[in-house]
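Undergrad: Take this structure first; my questions come after.
Please treat every number below as a calculation from the coordinates, not as lab data. Not measured: the values here are computed from a predicted model. We place every Cβ from the backbone using ideal geometry, glycine too, and count neighbours over all the protein chains shown.
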Amino acid sequence: MMQWLALPISSLLACAVAAAGQPTPERQAELRYLLEQDCGSCHGLTLKGGLGPALTPPALAGKPPEFLQLTILHGRPGTAMPPWRAFINEDESRWLADRLLAGETQP
């Protein structure tokens, strides 16, 4: 009987661990939309700059993902860059930072 109960619990734990570091495909689509529409409204729809600086791999070269993650979550005081922490979590902000650095910003 204990083995029968352990299987679903271990499966749930495995799913929780997998979900903690990587957004689901559905959430990835939402994050890409946020990047294109919300970030793009200031950084340019092609992310080559506008009110905010460019978010292309060459423009971000040398910036660690943690720096971008913190900027996404907490914004940049004294600038138009707002904090997005109310809308995304740490794993999602890291996922976005990694996409920006890799140039993988299109759906």
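Undergrad: Taking every eigenvalue of the Cα gyration tensor of region 24-102, multiplying by 5 and rooting it, what semi-axes result, largest first, whole Å?
TA: 17, 14, 14
Undergrad: How charged is the neighbourhood of residue 28? Take every other residue with its Cβ under 10 Å from the Cβ of residue 28, and add Lys/Arg as +1 and Asp/Glu as -1.
TA: Around residue 28, the charge tally is 0.
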